[in-house]
Amino acid sequence: MTTNEHNPLPFDGLFAHLQARGFVLGVDQHLRLQLLLARIGAEVCSFEQVKTLLCPLFATNREQQREFHRLFDQFIAVSEPEAEPSPAPEPAPPARRSWRRFRLTAYSSAIALLLAGTALVATERFRLLAGLDQLRLPDVPEWIPPRPIQTVIETITLGIPIPQEITQPRPVPPPDWALDHRWTLRMLAVALPLLAFALWQLWRWWRRRPAVERAQGRRPPFTWPIELEPEEWRLDRSPLYRQATRGLRRRQRDDFEHLDVPRTIEATIEARGYLRFRYRRASRVPEYLVLIDRASRHDHQARYFELLADALERDGLFVVRYFYDGDPRVCHAPPPKPATGNRQRDRYLTELQRRYPGHRLILMGSAAKLFDPVSGDYARWTELLTEWEDRAVLTPVALPAWRRRERLLGEAFTVLPGTLAGLAELAERYELPLRDDPPSGETADPPPDVGYGVTVEELKSYLGPDAFQWLCACAFYPELQWDLTQKLGRLALPEAAGLDEAALWRLLRLPWFREGAIPDEIRYPLVRVLDPGRRRAIREFLIQTLEENPADVGTFAADERRLDIAVQKAWLAGDDRAARRKALEEIEDLPPGELTRDYTIIRLLDEKPATLLALLLPRRFRKLVYPEGLSIYSVRWQAALAFALMAALALLGGTQAYLHYREGHRPLPDIAGPTPTPRPDLSPIPPRPSPSPSPTQTPLPVGRAGPTQTVMVPMGTPGPEQSKPVQQIRIEMVPLPGGTFLMGSVRDESLNYDIESPQHRVTVSPFLIGKYEVTQAQWKAVMGEKNNPSRFQGDDLPVEYVSWNEAQEFCSILTKMTGKTWRLPTEAEWEYAARVGTTGQYAGNLDAMAWYGKNSGGRTHPVGTMRPNRWGLHDIYGNVGEWCGDRYSRSYYGELQKQGVAIDPRGPANGSVRVIRGCGWGSSDVDCRSASRGSWTPIHRDDALGFRLVRVGP
Amino acid sequence: MTEQTQFQLYVGDGTTRGVAAPLFEPLASLNDPAGYVAEPGLRDAVNVALALGQPLLLTGEPGTGKTQLAGSLARELGVGTPLVFNVKTTSIARDLFYRYDSLTHFHDAQFRKEGGIEIETYIAYEALGLAVMRAEEKAETRTRSVVLIDEIDKAPRDLPNDVLNEIEAMEFTVRETGKTFRADPRYRPIVVLTSNSEKNLPDAFLRRCVFYHIEFPDKDRLREIIARRVTLSDVFQAEMLDPALARFEEIRKLPLGKLPATAELLAWVRILDRLGLDVRDAGRQGEVAASYTALAKNDDDLKRMRKG
């Protein structure tokens, strides 16, 4: 760079820089610069010297000098060709939306599963198909009263050769993957939600890490400046203001005197030559010491007064300004301004007194602290103020609200309203100090008491339409800042020229404008007053403004600002879900404790739940699930864990239900039994090796669950070493006549047993039923010596701890052994046998007939040790519960009832659980009624659950 | 510069110690322009003011050598000593150029009857007036001169604005005689204004000035200033000066009502040198504390310095 007058330095950029920072650059400066370059430009040899040469032209005080040096260095640094490479663009934020969507889906499906699972577990009903063929049945025979019956004793000789056909593997049901892997499925059901939870937690941690790191490294400040092009201060155009400045500029009498020569001479001549001195009081330009009451950083009244003082200063008045907060004994210096400013220090009032003794003192703002709070009189220290000769108070209190305090103030000060009219009046009073008529004033009402729930209507009537709109606009931002207030007001009243002074003052007298914030509860109704177009305009303006005013990275202020932007954006988004969600995500990243400012607004936003979950959750549970109860945040981890556990439970339930369903759809062994294959010789029976005890030949591995094992029945040819003595067992059967009876119970028989209703007529064909429950001896004889699952061991005891499947297995083996058809009773047959023609709760005296809760002593008892019922059946009540062959359905009775009379009903066609009738040794008397029904899954085992046999045919 | 003599301290017990009071060694050398060193920024600002023919307005803490600059400038330009006008709170614009002693005039007119009274006798020309007169075309030996208007911020508010035109045009009229003086532009007086920047000067005034704020010198510059301005014993120079400067910097960081400036530092260093005091010397901290009187300007500050 050369310094050549024909080739001036490229200073334009620097000038623009300077001007932006408040330097005054007039024609004068340019001329001086040119002149300077012409004269000494040739001797300049370094940038440093250019700087020190140029600086005196532009700077007019110390701050400007420093600023100039800084700007110049900056300018040179930027102009250097080898500028630093611009920082790499910030990495794009990770895509979060898809994750979020995923999460939402996961939640909803988990909930759906949860609901389904719960419903299933609660009722044990999982009917997929309902409805049987609507059978038109022929007329049913009438009820045949029972008659005494004699027992048919079936003697079965075991160890009979099993016909070749039976040793062939029975048709094995097609392998079912789900049933084969039930444990894997169950594990998965539990593990998956927990795994999902762990992953989600990990992902959340990963996503929140930057936010957390930021949060940990955060530092003050808590606020950041929002710089706006200041609105033009219009009040100085008012004639009142001009009148006031004229008055305030008038010279003031000084405290020393000059010899007034002309008058001295005149007086001397008059005194005939004797010297008579005449003096004249010197005058000086008045200087003002303005103390402004500032309650908060955003005290609008103080700002108004400050602007007033600025305007006066601009108009050439000498104004020294200090701020005080209520009590002027300590005064704070105004911030230094680069354009005009000397830096001032905070001062005690006494210091001010020493420094500015001849100034005219004007207290602008409330003088409440000048008075003793108890006595209401002047505080003692106020004597300090009386040191100033001219002292005035410009009070923000509206004239009609003046009370004793203002009257008292009037004794020591010139008290006037803080309006322009008051200022003009003050200027007059300096000239004519003795005037004491009440100040000409406005007639504004005092503001409503906003302390206790002021209503929107009250505000409206107090402020008037324009100022009210203004206020509404101010409510959009959580803080009231003067420049923002002006801009927002302008947006709310685009057509009006602005507020007139009276309206402005009505606004400023609201205490909110001193504190710098409108309470949230009134903000919301105020915001809604504006029409949507303006609302949108204001929000857009706020977002733009906030985005243009960055806060330092890593400060509390930066988060505060992000929150503000996010809130405005979310608000602006309205029903646009995507935009809204995007904005809310911003908020979500902030730690919940940060919601200091716009808490209520966020709550309001939260009224439209952000997620489906929030929509589903009752309000009172939200607090449990979300931090602060706000659905815009992610779910608490505790809640998420609970969800995961519940989902695991639900999935487990669902799996279980599914397995049962599959189970239910497996082909059942025919209830009528296989057609007995004709055997060449049924008797005599030569001793033959029994199928047991080789494990491979174990007919039914009783100890283990699952029908999958049941298919592994006798395979292979019995070896010679398995020979066993012939064993005979007796099975006593009672033939019952067919008949028609009322099945089920009336609704009022027991409060909780509506599964036993409605009562319906059922006709059963004749059949034989076991006189006793199947004993362990019988079981062992059929299933093998070592295959006794019972918990209470004893040959005479009924077999228990057998599942429905095993009972079926027992029947089919017995059928194959004997060639006769054995099966479990149908539910109808059982109840028919139990009722013996009765319709009451019990067919006989329960205590005499049954081993049940009251008398069993907590165990099973040998069969036949209690009295039988009238048909000679023992233990039909009590001892152990009995499996029936039917599937269970709660609504089955209703369906039967619709048919009129059901003939030999065999239970619903589908269902995953099986009927249990009768009651066990632990049951209560209620459960032992003839009509009681129970149900359980076919793999269920229980030490109070056995069965009884039925045989049909010859 | 001057012969080193052992400085005799007042003990305060009434005992006569010397034969006669030791001769006072004047501190005038403190203000000797020969030893003045202008920092580069100030030098450039002066050059700008010279090039543009505008007054140079200097601000800065008291004691940073604002006033001395005028002497240094006058000396360098070879115009002798600067013409000084000390502004007073009652000064008015006219006082910068001349004063009219109306009272003596009146007295003489009344009581001295011999012949006409030359009104010129009662007019005393002040710094700026003298400077203009010396530069007048009519003057026999036209010279440029350096005018120092010291502490302009002390003046009433009106003064700076009132003298604007006169300073710009370098002419004034004596109302009493009706005579107008105008400086030859080529012999334009060089005006240096100083201010303690306590009050704002009007913008119009500032615009017509070349401004420079003298920052408080850093340690190296202080050492340079000391080397130029005071003659110190070699021992002190070598060993005790640096700790003294360090202590001085510490003191300037204290919350004092008035910060000690270069002038105070020079005086203090001199005292330390004379007393042979090392500020680090633990045994003589009482004396060191006593020497702070050279730095402190009021009791509070003194206490703070002694404490801190």
**Asked** Could you say whether any residue in region B:223-233 is surrounded by 18 or more Cβ atoms within 10 Å (Cβ to Cβ) and within 14 Å of another protein chain (Cβ to nearest Cβ)?
**Response** no
**Request:** Examine region A:265-275 for a residue that is among the hydrophobic types (A, V, I, L, M, F, W, C) and touching a Ser or Thr at 6+ places or on another chain (Cβ under 6 Å), and state whether such a residue exists.
**Result:** yes
**Prompt:** If we scan region A:409-421, do we find a residue that is of a type in the set (A, V, I, L, M, F, W, C), in contact (Cβ under 8 Å) with a residue 60 or more places away in the chain and within 14 Å of chain B (Cβ to nearest Cβ)?
**Reply:** no
**Prompt:** Within the group B:236, B:211, which residue is under 30 Å from residue A:312 (Cα atoms), out of contact with any Lys or Arg (no Cβ under 7 Å at 6 or more places or on another chain) and in contact (Cβ under 8 Å) with a residue 40 or more places away in the chain?
**Reply:** B:211
**Message:** If I filter region A:47-80 down to residues being surrounded by fewer than 19 Cβ atoms within 10 Å (Cβ to Cβ) and acidic (Asp, Glu), which single residue comes out as nearest to residue B:50 (Cα to Cα)?
**Reply:** A:48
**Item:** Hey, residue B:34 over 16 Å from residue B:274 (Cα atoms), at pLDDT 65 or above and either in contact with a Lys or Arg (Cβ under 6 Å, 6 or more places away or on another chain) or surrounded by 15 or more Cβ atoms within 10 Å (Cβ to Cβ) (or both) or not
**Value:** no
**Message:** Report every pair of residues separated by at least 6 positions or lying on different chains whose Cβ atoms are under 8 Å apart, first residue within region A:650-674 and over 25 Å from residue A:194 (Cβ atoms), second in a helix (DSSP H, G or I) and modelled with pLDDT under 65.
**Reply:** A:663/A:707; A:666/A:707
**Message:** Please determine whether any residue of region B:43-64 is closer than 18 Å to residue B:264 by Cβ, away from chain A (no Cβ under 13 Å) and either small (Gly, Ala, Ser) or touching a strand residue (DSSP E or B) at 6+ places or on another chain (Cβ under 6 Å) (or both).
**Reply:** yes
**Message:** Tell me which helices (runs of 4 or more DSSP H) are completely within region A:765-844 and hold 2 or more residues being over 26 Å from residue A:902 (Cβ atoms) and without any contact (Cβ under 8 Å) to a residue 24 or more places away in the chain, or say none if there are none.
**Reply:** A:776-783
**Asked** Restricting to region B:181-202, what's the tally of residues that are within 13 Å of chain A (Cβ to nearest Cβ) and surrounded by 14 or more Cβ atoms within 10 Å (Cβ to Cβ)?
**Response** 9
**Message:** Between a residue in region B:154-180 that is touching a residue at least 12 places away in the same chain (Cβ under 8 Å) and more than 13 Å from chain A (Cβ to nearest Cβ) and any residue that is in a helix (DSSP H, G or I) and of a type in the set (D, E, K, R), which pairs come within a Cβ distance under 7 Å, given they are 6 or more apart or on different chains?
**Reply:** B:172/B:166; B:177/B:120
**Request:** Scan region A:34-61 and report the pairs whose first residue is more than 7 Å from chain B (Cβ to nearest Cβ) and whose second residue is outside any helix (DSSP H, G or I) and surrounded by fewer than 16 Cβ atoms within 10 Å (Cβ to Cβ), with Cβ atoms within less than 6 Å and a gap of 6+ or a chain change.
**Result:** A:37/A:5; A:38/A:5
**Request:** Read through the list (1) exposed (fewer than 13 other Cβ atoms within 10 Å of the Cβ); (2) in contact with a helix residue (DSSP H, G or I) (Cβ under 9 Å, 6 or more places away or on another chain); (3) among the hydrophobic types (A, V, I, L, M, F, W, C), then give the number of the only condition that residue A:374 fails.
**Result:** (2)
**Complete:** Of those in region B:258-292 that are under 21 Å from the mean Cα position of the chain (by Cα) and not aliphatic (A, V, I, L, M), the residue surrounded by the fewest Cβ atoms within 10 Å (Cβ to Cβ) is B:258
**Request:** Among residues belonging to region A:871-901 that are among the aliphatic types (A, V, I, L, M) and either in contact with an Asp or Glu (Cβ under 7 Å, 6 or more places away or on another chain) or at pLDDT 85 or above (or both), point out the one that is nearest to residue A:942 (Cα to Cα).
**Result:** A:880
**Message:** Checking the conditions here, which among B:241, B:272, B:302 is free of Cβ contacts under 8 Å to residues at least 12 places away in the same chain and of a type in the set (A, V, I, L, M)?
**Reply:** B:302
**Prompt:** Applying the selection to region A:8-24, what residues are surrounded by 15 or more Cβ atoms within 10 Å (Cβ to Cβ), more than 9 Å from every other protein chain (Cβ to nearest Cβ) and part of a loop (DSSP other than H, G, I, E, B)?
**Reply:** A:9, A:11, A:23
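Do any helices (runs of 4 or more DSSP H) lying entirely in region A:523-640 carry at least 3 residues that are charged (D, E, K, R), at pLDDT below 65 and more than 19 Å from the chain's Cα centre (by Cα), and which ones are they?
Correct list: empty, since no element meets the threshold.
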**Prompt:** Within region A:709-735, how many residues are out of contact with any Asp or Glu (no Cβ under 8 Å at 6 or more places or on another chain) and at pLDDT 80 or above?
**Reply:** 2
**Request:** Take region B:203-222 and flag every residue that is under 19 Å from residue B:64 (Cβ atoms) and either touching a Gly at 6+ places or on another chain (Cβ under 6 Å) or surrounded by 14 or more Cβ atoms within 10 Å (Cβ to Cβ) (or both).
**Result:** B:209, B:210, B:211, B:212, B:213, B:214, B:215, B:216, B:217, B:221, B:222
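The values are calculated or read from the model by the stated rules, or taken from the named source; none is laboratory data. All values reported here derive from a predicted model rather than from experimental measurement. Note: ideal-geometry Cβ built from the backbone for every residue, glycine included; neighbour counts use all protein chains shown.
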